[in-house]
Amino acid sequence: MATLSASAQDNGEKPTSETAIAPSTLETLLSFVNLRKDLQADIKALNRQIQTTHSDAEKISLKQRLEKLESDLKTTNRNFENIAAGVDMTTLRGEPREEFNLQQEVFALVRPAIDEMKEMTARVRQKSELKKKIAYYEEQLPVITQALENITKLKQAGDNKALIESLKQTEAQWTKQQTFIQSELQAAQLQLDKLSSAETSLAEASQSYLKSFFQKRGLYLGLALSVVVVIVLLSRLIAASMQRYIPGFRAKHRSFRVRLVELLHRVFTVLFAILGPMAVFYLVEDWVLFSLGILLLFGIAWALRQTLPRYWSQIQLFLNIGSVREGERLLMEGLPWQVDQINVYSTLINPVAGISQRVPIDDLVDLKSRPSQSDEPWFPCSKGDWVILNSGIRGKVAGISHEMVQLVERGGARMTYQMADFLAASPRNLSVNFRIKEIIGISYRLQKESTQAIPETLQAYLFKRLHEEGYGDQLLNLRVEFAAANTSSLDIMIIADFKGELGDLYNRLRRAIQRWSVDACSEYDWEIPFPQLTLHGAVSAAD
């Protein structure tokens, strides 16, 4: 190297970074050489000690030290070769690499956070250990005291010198044990008293720890929060740009490509918002916050483990390729709905009832939609329609909501029904078209004319009266037919169809048809008989 540098200087050129050797590298190599000499000398000395010693226990200890020195020497040689070569020589030596262990790698990532938690709870754990230690020694002392008392009694009662000597040795042994336990108990008690005297309240300790935590890492947390804010702002700017420059992005019904672009944008926004703070903690080398972030990610991953299939279904719905699709019909909460728009919050409408709702996309995962036919009903009525319930109640629909339907009767009385009860009442809508059927009975004296002449005459008479009173334009159909031969009368059926404009006059028209029918009977001298039962009852009363 010196020759190369000299030749470069002779040519008037400055030595390049490739030919120059850093002084720190040479110093490091020299330190490795010295360290290797010291290790080799220590190894030789230990070998001599092992050969000269006669104690097995000492030999074992010396061999353990020798193994440690040999391992250090091997590491020093390997580092010397790597630094001298400038590359990692492990692959050339054929040394086996350590197998990948996922558990160890994960533990290495989260260890700083665990160490921080251990440090935070060190006093509490130390107090707990001391209390256990004190309780253990307090249990042992009475046993030793009792044993010493028994030995003293045996010494006093015994007369054999060998027995007394053995008892004295045992007594001395247990006395030492008693002294040791007492000293350990006192030391533990003193440590516990010291910790208790220096202990603060839980609130103060928590406040102090949090204050210290944020003083150390407040800047890093602020940087991480700033990164998240920047990512969110950039995401909004990108979303605004996509709305402006991507055709069909703002359309009500968007294509699969547009939906896929928006989905990827949302996914990457969440991903960068998570990884951004982690990158900050990594760059500033705050491994505690980095480990806490790793633990948080593990917690999120564990929580998503069970819900991942549901999120996949939501993605399919968002892309409009799932079980519910835009423009189709589905049944939800007992009502049919048209899927107007699918997004993170989807819009459902009922086109006839005039109601809509915004539901999260998760509520649609368990549902399915189907194409709707043009003749399928959406709701029995619209706001402003007149309906008759199966109970006979008639009213105008004043309001429809998801929960209730309100009717206004003639005169202004309001009746409110829950949606399920209203649908169960089978409401009959009068606001499109409706039919009125009325029956009038005539005497058997008119039997010859009852099937043909009288119905024709009555139909003409009713038609004239309907036009005279202003109902002719709303009349769709009018028929008068013979209905049945009843017990005391010949029944004639009047069938009148009207437009929905007269739905509010339903009962008035029924009364008018009855009135006009009676007027026709009076004008044409058609007898309206009493029921036979009523007539016979009247005759019996007269007798």
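Could you go through the stretch 345-359 and let me know if any residue there is among the β-branched types (Val, Ile, Thr) and in contact with a helix residue (DSSP H, G or I) (Cβ under 9 Å, 6 or more places away or on another chain). No, the stretch 345-359 contains no residue that is among the β-branched types (Val, Ile, Thr) and in contact with a helix residue (DSSP H, G or I) (Cβ under 9 Å, 6 or more places away or on another chain). For the stretch 475-512, filtering for residues that are among the β-branched types (Val, Ile, Thr) and crowded, with 20+ Cβ neighbours inside 10 Å leaves 3.
Considering only residues that are in a helix (DSSP H, G or I) and either of a type in the set (A, V, I, L, M) or outside the structural domain of Gln514 (by TED's automatic domain parsing) (or both), look in the stretch 461-488 and name the one that is nearest to the chain's Cα centre (by Cα).
By that ranking, first place goes to Leu466.
Restricting Ile393, Ile439 to those that are assigned by TED's automatic domain parsing to the domain that holds Ile528 and under 18 Å from Arg508 (Cα atoms) reduces the list to Ile439. Val408 meets the conditions (1) of a type in the set (A, V, I, L, M, F, W, C); (2) touching a Lys or Arg at 6+ places or on another chain (Cβ under 6 Å); (3) under 30 Å from Glu262 (Cβ atoms) in every case but one. The failed one is (3).
Residues in the stretch 453-472 that are surrounded by fewer than 16 Cβ atoms within 10 Å (Cβ to Cβ), touching a residue at least 12 places away in the same chain (Cβ under 8 Å) and more than 16 Å from Arg515 (Cβ to Cβ): 1 in all. Could you tell me whether Ser517 is of a type in the set (Ser, Thr, Tyr) and assigned to a helix (DSSP H, G or I)? For Ser517, the condition - of a type in the set (Ser, Thr, Tyr) and assigned to a helix (DSSP H, G or I) - is met.
Restricted to strands (runs of 3 or more DSSP E) entirely inside the stretch 329-368, no element has at least 3 residues that are under 22 Å from Leu308 (Cβ atoms) and in contact with an Asp or Glu (Cβ under 7 Å, 6 or more places away or on another chain).
Just one of the listed residues (Glu165, Glu204) is at pLDDT below 80 and either under 30 Å from Asp286 (Cβ atoms) or of a type in the set (S, T, N, Q) (or both), and it is Glu204. In a residue-by-residue description of the stretch 172-191, the property of being in the same structural domain as Gln126 (by TED's automatic domain parsing) and not in a helix (DSSP H, G or I) applies to no position. Between Ile400, Ile315, the distinction of being farther than 26 Å from Val261 by Cβ and either among the β-branched types (Val, Ile, Thr) or at pLDDT 90 or above (or both) belongs to Ile400 only. Of all residues in the stretch 51-81, those satisfying the criterion of being of a type in the set (Lys, Arg) and touching a helix residue (DSSP H, G or I) at 6+ places or on another chain (Cβ under 7 Å) are Lys59, Lys63, Arg65. Just one residue in the set Trp302, Trp312, Trp337 is of a type in the set (Phe, Trp, Tyr), crowded, with 16+ Cβ neighbours inside 10 Å and outside the structural domain of Ser401 (by TED's automatic domain parsing); that residue is Trp337. Given the structure, is Pro380 crowded, with 18+ Cβ neighbours inside 10 Å and not assigned by TED's automatic domain parsing to the domain that holds Arg414? So Pro380 fits the description; yes.
Arg236 satisfies every condition listed in (1) exposed (fewer than 12 other Cβ atoms within 10 Å of the Cβ); (2) of a type in the set (Lys, Arg); (3) over 30 Å from Gln341 (Cβ atoms) except (3).
Of all residues in the stretch 442-452, those that are surrounded by fewer than 17 Cβ atoms within 10 Å (Cβ to Cβ) and either in contact (Cβ under 8 Å) with a residue 40 or more places away in the chain or not assigned by TED's automatic domain parsing to the domain that holds Arg508 (or both) total 4.
In the set (1) over 34 Å from the mean Cα position of the chain (by Cα); (2) on the phi > 0 side of the Ramachandran plot; (3) not aromatic (Phe, Trp, Tyr), Lys396 fails one condition alone, (2).
For the stretch 244-252, the criterion of being touching a residue at least 40 places away in the same chain (Cβ under 8 Å), surrounded by fewer than 12 Cβ atoms within 10 Å (Cβ to Cβ) and not aromatic (Phe, Trp, Tyr) is met by at least one residue.
The values are calculated or read from the model by the stated rules, or taken from the named source; none is laboratory data. Remember, it's a predicted structure, so these values are computed and weren't measured experimentally. Reconstructed Cβ throughout: ideal geometry from the backbone, glycine too, with neighbour counts over all protein chains shown.
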